[in-house]
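Notes to accompany the following structure.
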Amino acid sequence: MEDLIERAARDLVNSRYAIALTGAGMSTESGIPDFRGPSGVWTKDPDAEKRAYQTYHTFLANPKDYWEERLSGPSLLGDLEAIKPNPGHYALAELENEGIVKTVITQNVDNLHQRAGTKNVLDYHGNAFKLRCAQCNARFDSKEYELPKLREEGELPPLCRKCGGILKADIVHFREPIPSDVAQQSLEEAWKCDLMLICGTSAVVYPFAELPRLARQRKVEKESRTEAGLYAVGESPAVTIIELNAEPTPLTEDGISDYLIQGKTGQMLPKMVEALKGIRR
Ligand code: APR
């Protein structure tokens, strides 16, 4: 594994536009369960997963019921306010600081990348600390709305202060479209990058899992200059795809990734930063 970490550090140093894609595996060392790992939320409670497939439908059908449900019980992921970033989150923030990682696209709703200091984060599946207008896509910090008080006063659902539309949690539920702004920015990053560091995801949930496949199969339609260089028509801009995960994924099996470093992100990423600094010295 040490060789692969050294290799990844070298690939990062040689990259011109590296991005990171992350999933629930990034946060298990912070105490948040993942979904499909051995002690994952869905693995342990398949009925909870079935119920989760109904949530967006409930919002569309009856937003008041949707909010009553959300405010009546604890989050599936536990108390996200009390949970802290782990060394893996800090290592990615350091790679951004070093000017290596340009963007982190995360499936996690836990806000831990931002709390670790990463500035350029795309919350692909939303953020648990925000609300989003279903009409104009405006986002608000949840704290701006006293939801328990609105509930007591029978004033649910909360309404958008910009357009008066109905607010939902910013979290993207199963069967809900990815918000267009985040979807577009993520596609542009997958198009621009020459290195993708994929950390702690089973890569089975779409459309997120499409991003590495798109980067691997992209073809230049017209001569274009990107941050990663100048490409001729039909050329495939080179991309290095590295997986850091506790187990192989369909990206490994389908040969989409160049190599898998098998282990814990909270242990491997800090080692990668050290190796990278060693190379740069
Ligand atoms: N380090 C590295 N890998 C880990 C670690 C760790 N500390 N802990 C768990 N893993 C691996 C697991 O082995 C698994 O392969 O991370 C992966 C987590 O996969 P999932 O549980 O499927 O989580 P994720 O890929 O983020 O799920 C995607 O599915 O349920 C929805 O919306 C939810 O965003 C989520 C999406």
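The values are calculated or read from the model by the stated rules, or taken from the named source; none is laboratory data. Since this is a predicted model, take the numbers as computed values, not measurements. All Cβ positions, glycine included, derive from the backbone under ideal geometry; neighbour counts span all protein chains shown.
Numerical summary
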read-out	value
L112 at pLDDT 95 or above and touching a Pro at 6+ places or on another chain (Cβ under 6 Å)	yes
The stretch 180-204: number of residues that are within 14 Å of the ligand (Cβ to nearest atom) and crowded, with 17+ Cβ neighbours inside 10 Å	9
Residue match in the stretch 91-98 (condition: surrounded by 16 or more Cβ atoms within 10 Å (Cβ to Cβ) and modelled with pLDDT under 95)	no
Residue match in the stretch 64-73 (condition: within 16 Å of the ligand (Cβ to nearest atom), surrounded by fewer than 22 Cβ atoms within 10 Å (Cβ to Cβ), farther than 23 Å from L214 by Cβ and of a type outside the set (S, T, N, Q))	yes
Flag if T43 is of a type in the set (S, T, N, Q), surrounded by fewer than 18 Cβ atoms within 10 Å (Cβ to Cβ), within 14 Å of the ligand (Cβ to nearest atom) and under 30 Å from D258 (Cα atoms)	yes
Only one of E68, E94, E98 that is more than 20 Å from the chain's Cα centre (by Cα) and within 28 Å of E189 (Cβ to Cβ)	E98
Top-ranked residue of the stretch 13-35 - restricted to ones that are surrounded by fewer than 17 Cβ atoms within 10 Å (Cβ to Cβ) and outside any helix (DSSP H, G or I), ranked as farthest from the ligand (Cβ to nearest atom)	R16
Verdict on P38 being under 23 Å from N245 (Cα atoms), modelled with pLDDT under 95, within 16 Å of the ligand (Cβ to nearest atom) and of a type outside the set (D, E, K, R)	yes
Filtered residues of the stretch 142-170 (kept if closer than 14 Å to L71 by Cα and assigned to a loop (DSSP other than H, G, I, E, B))	Y145, E146, E153, G154, E155, L156, P157, P158
Verdict on R10 being at pLDDT 95 or above, within 16 Å of the ligand (Cβ to nearest atom) and either basic (K, R) or not in a helix (DSSP H, G or I) (or both)	no
Search result, residues across the stretch 246-276 that are more than 9 Å from the ligand (Cβ to nearest atom), hydroxyl-bearing (S, T, Y) and in a loop (DSSP other than H, G, I, E, B)	S257
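Yes/no matrix, rows are residues, columns are (1) in contact (Cβ under 8 Å) with a residue 24 or more places away in the chain; (2) more than 16 Å from the ligand (Cβ to nearest atom):
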residue	(1), (2)
P85	yes, no
N97	no, yes
T118	yes, yes
K162	yes, yes
